[in-house]
Every structure is written in structure tokens, then in C-alpha cells.
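Asker: Please find one structure pasted underneath; my questions will follow.
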Amino acid sequence: MSALTAEQVKALVEQPKSWYVSTYMPTIVAGTETRQNEIRFKNLIREAQQKLQDNGLSEDGANEFLRPVIEAIENDEEDFWQQQDRGLAIFVTDGFYRYYKVPRDLFELVVVTDQFHLKPLLPLLTGDGTFYVLELSQKQVKLFEGGRTHLREVHVPGLPQNMDEVLRYDESKQQGQFRIGTTSGASNYNNSSSGTGVFHGQGAPDRDDVKKDYSQFFHAIDKALHEFLNGKRAPLVLACVDYLMPIYREANTYPHLLEEGISGNVKDEQPGELHEQAWLIVEPYFTQAQEKAANDYHDLSNTELVLTKLEDTVPAAYYGRIDRLFVAVGVQRWGRFDPNANEIHVHNEAEPGDEDLLDAAAIQTLINGGTVYAVEPDVMPAPASIAAVFRY
């Protein structure tokens, strides 16, 4: 499992209450030194077993708790340790485990508490965050979700698969269908003529009819996407011939559709090329968004809308008050927060049952629709391990 998405993070958070083991380790990608991966893993598993015992489990109980993930990795031992990325994250709870090979350097860390510790992975969902690509043509509609290293098709309930499905052509009208392509009829990613309308068949419609049909088609697509993307902030990139882009933009209601799109006839057999083109478009978006968030923090620094005090920021995250949150990676602040009693306790050292309060604030901000920037300590907009911009 190599790609981590915001939906997968929510699935980790929503597991039934139990003990949660979160293990992080750097991994060696290739060469004879990959054997160190297995040694490091076994050492961290022993640490996890000891921490489970410290929290009240027996030795046999701790071993049984971790057994499923140990067996899963050992059953594929040779291939598993030879096929790594820069880091490995492993999550285990009662009857559930997941592991992710991630393109990010990780510190060795084992956390045992009553929820998964996810902060080391948050940079994969922020600066390297989620984006969407909408592939459009008369005969095919697809939505892809991507990140820095991956692009995968996602199922959208009610999303039309093609124009016929929306317009419900009868047989006589289908004989007069049209296509959009280059003047030569060949696919061309860069030729500006790729947006020229080329019509064939008897009774081919004029341009007003074409635009009207496409407008109806695209409104149906937008309606389905509205339900799926509601509350999300991820940028959306269009991938289609030039002629269709302005028509779709007129129908679009998603506020994070980017101005720049991928022009041309997208080829399904080239997902790597589609991802490469999309990332070139969205990468500046993520960089600029983080810079703007930091600038906004400084502009509001003398108001009550920014805060760096942990005791106030964590409750605000649970209650959905935070719009943008900066947290320092590689730093932990241990303690407990009871949202029912609105009581927070911060400890200098981790105690049994403690959680990383920075992690808790970050996850709750994401769940409540805010944006999280997990950054190195020297990139924080304030000399603190947490910094928030409130909604109100």
C-alpha cells in the first residue's frame, strides 16, 4: 500500500476505540543494506510490544495484538523489504492493520494510545496534497484523485459516463453525432487546432446546438461532482480538448477549479503522462497556498484570530473553529483532551494513555474541513510548535 489519501486518513481515525499502535521508520530503498529494514522493523515491534504491556496488556496479549501485521510482512518477507520507498508507516489496532510505503523520510517512532498518530504523514496531504483531474470527452468521463506520487481513478456516484447517457439519443440522432478533434483527426496535446469542431454524418448540428448539448452534459457532470466534492478544497484540473474548456467552466460550480487545464485528447494508456502534466499545474498552487496562509497569519498576528497556545488551539480544532493550522513535524506535545468536559492536560513526558496533542489538533482540523500545513520547525510562521488561524 503506497498511496495515502485524505479518505484513508479518515478511515484510520474512524476505527472502533481500542489500543492503537503507530510505527514509523526510515527505509533503505535498494542494495545490500536493505536488510537493515528488517532489523529496524523487529526492534520497533519489540518497542511496541513493551509499550502495550506498559498500558496494561499481558505479554501474550501484546504479541497477539501485533501478530497479524507481523505475519503479513513475514509472509512476503524477501519481496517486501526489497521493494521499499523512503519511509514505512504501520498502523495496528484490534482486528485491523495497514501499512504504507511513503516517499518521505521518517524518524523512528512508536506511539501507543487510543487513536492513530498521523502527523508524520500529514505533509503528504498538504504541501504534497490531494488534487483531482476531470477527464472529459463526448464518449468518456473520468475523475482521478492524485498526489505528488500517484494518480488513481475514483468512483463518483451518479457521474455520467458519456454524452449519450445524459441526452438519451434515439437511433436516428445517433447517426448524426459529431466528434471533437484536430483538423487532421489525430490526437495532439500541444496543437492549438485541437479544439476545432469536426462534425460528420447527415444532419450534423450547428455550433449553437453543439454548445447546448455539451452544456446540458456538463451540468449533469457538475451536479454529480458537487455532491462528491462538497466541502473539499482540493484543486480540480480539466483534461480535455480546448473547445470544451470554456463550456465546462460555464457549467462548473466547484470553487477550486484551476484556470490552467490539460489540453488535448487524453490517452488512457498513459496515466503517468497525465499525472506528470497535472502535477506541473497543481504544485505551484500548493506552494502559493502555504505562503499565503503564512502571510495571513502574520497579517492577523495582532488580532484574536491567531493563536499559538496549545491549551486553546486543541479545543478549537475539535469544535471546528480553525481554518488553517500549522504544526511542526518531528515534534510531539503529549497530553490528553476530553472534548466532553472541555478539559486538557499537557505533560512534559508521555504518560500511559497520552496522545500527541499536535497530531490531535491536526486531524480534527482536517475532519472539520480546515487546512493543515505540517512543516519543519524552522518554517513555522511563529516560534511555536502550533499556530492557528481561526474562522471566527
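Asker: Show me 108-114, 32-38, 15-21, 339-345 ranked by packing, highest mean number of other Cβ atoms within 10 Å first.
Answerer: Listed from highest to lowest mean packing, they are 108-114, 15-21, 32-38, 339-345.
Asker: For the range 278-338 and the range 30-91, write down the distance between their C-alpha centroids in whole Å.
Answerer: 33 Å
Asker: What residue among Leu357, Leu236, Leu44 has the largest mean-square fluctuation in a Gaussian network model of the chain, using Cα springs under 10 Å?
Answerer: Sorting by GNM fluctuation, first place goes to Leu44.
Asker: What do you get for GluC sites (Glu not before Pro) in the range 222-324 restricted to DSSP loop and a cutoff of at most 16 other Cβ within 10 Å of the site's Cβ?
Answerer: Qualifying residues, ordered by number: Glu259, Glu260, Glu269, Glu304.
Asker: Let me ask something else. Limiting things to C-alpha atoms, what are the Rg and the maximum Cα-Cα separation (Dmax) for the chain, in angstroms?
Answerer: 24.8, 79
Asker: Report for the chain the percent antiparallel among DSSP-assigned beta bridges with both residues inside it, nearest 5.
Answerer: Restricted to the chain, the bridges split so that about 80 percent are antiparallel.
Asker: Between Phe116, Phe326, Phe65, which gets the highest mean-square fluctuation from a Gaussian network model of the chain, Cα cutoff 10 Å?
Answerer: With Cα springs under 10 Å in the chain, the top fluctuation among Phe116, Phe326, Phe65 is at Phe65.
Asker: I've got another one for you. Give the lysines whose C-alpha is closer than 17 Å to that of Lys211, dropping any in the same chain fewer than 8 places away, or say none.
Answerer: Lys139, Lys173
Asker: Taking the range 6-121 as the region of interest, what is the percent of Cα-Cα pairs per 5 angstrom bin, listed from the shortest bin to the one with the maximum distance?
Answerer: All Cα pairs, binned at 5 Å, distribute as 2, 12, 23, 25, 20, 13, 5, 1, 0 percent.
Asker: Net charge near Phe65: determine it from the other residues with C-beta under 12 Å of the C-beta of Phe65, scoring Lys and Arg +1 and Asp and Glu -1.
Answerer: With Lys, Arg at +1 and Asp, Glu at -1, the neighbours total -2.
Asker: So which DSSP H runs in the chain come out at 20 Å plus along the axis (Cα) with average Kyte-Doolittle of at least -1.0?
Answerer: Long hydrophobic helices here: 59-74, 207-229, 271-299.
Asker: Provide the solvent-accessible area of Lys211, counting protein heavy atoms only and rolling a 1.4 Å probe, rounded to the nearest 10 Å².
Answerer: Answer for Lys211: close to 90 Å² accessible.
Asker: Cut-off 10 angstrom, C-alpha nodes, Gaussian network model of the chain. Which of Leu358, Leu225, Leu88 fluctuates the most?
Answerer: Taking springs between Cα atoms under 10 Å, the residue moving most is Leu225.
Asker: Step through the table entries Lys10/Lys212; Lys119/Lys292; Lys142/Lys212, compare each Cα-Cα distance with 30 Å, and write down the pairs that go over it.
Answerer: Working: Lys10/Lys212 40 Å; Lys119/Lys292 22 Å; Lys142/Lys212 21 Å.
With Cα atoms farther than 30 Å apart: Lys10/Lys212.
Asker: OK, next. Counting helices only, and only those DSSP H runs with n ≥ 4, report the 222 nm mean residue ellipticity of the chain as the sum of -39,500 (n - 2.57) divided by its residues, in deg cm²/dmol to the nearest 500.
Answerer: Taking each H run of at least 4 residues, the total per residue is -11000 deg cm²/dmol.
Asker: Does the range 302-392 come out rounded, prolate or oblate, given a ≥ b ≥ c as the square roots of the eigenvalues of its C-alpha gyration tensor, rounded meaning a/c under 1.5 and, failing that, prolate meaning a/b above b/c?
Answerer: Here the range 302-392 falls in the oblate category.
Asker: Net charge within 13 Å of Thr27 by Cβ-Cβ distance, Lys/Arg positive one each and Asp/Glu negative one each, not counting Thr27 itself?
Answerer: 0
Asker: Expressed as a whole percentage, what fraction of the accessible surface of the chain belongs to carbon and sulfur atoms when a 1.4 Å probe is rolled over the protein heavy atoms?
Answerer: The computed percentage sits at 45.
Asker: For the range 39-83, take N as its residue count and report Rg(C-alpha) divided by 2.2 N^0.38 Å. Please list the in-between numbers first.
Answerer: Values: Rg = 11.7 Å, N = 45, 2.2 N^0.38 = 9.3 Å.
The range 39-83 yields a ratio of 1.25.
Asker: Fully extended, how many nm does the chain gain between Asp312 and Lys17 (0.36 nm per residue separation, minus their Cα-Cα distance)?
Answerer: On the way: separation 295, 0.36 × 295 = 106.20 nm, distance 2.52 nm.
Extra length available between Asp312 and Lys17 comes to 103.7 nm.
Asker: Another question about this same structure. Simple spin-label model, 7 Å along Cα-to-Cβ: His345 to Gln288 in nm?
Answerer: Computed distance between label sites His345 and Gln288 equals 4.8 nm.
Asker: Okay, next question. Excluding Arg46 itself, calculate the net charge of residues whose Cβ lies under 14 Å from the Cβ of Arg46, where each Lys or Arg counts +1 and each Asp or Glu counts -1. Numbers along the way, then the final one.
Answerer: Numbers: positive: Arg40, Lys42, Lys51, Arg67; negative: Glu38, Glu47, Asp54, Glu59, Glu108.
Taking every Cβ under 14 Å from that of Arg46, the sum is -1.
The values are calculated or read from the model by the stated rules, or taken from the named source; none is laboratory data. Bear in mind the structure is a predicted one, so any value in this text is a computation, not a measurement. With ideal geometry, Cβ positions are generated from the backbone for all residues, glycine too; neighbour counts draw on all protein chains shown. Only protein heavy atoms, including side chains, enter the accessible area calculation; ligands, DNA and RNA are left aside. Shrake-Rupley method; radii C 1.70, N 1.55, O 1.52, S 1.80 Å.
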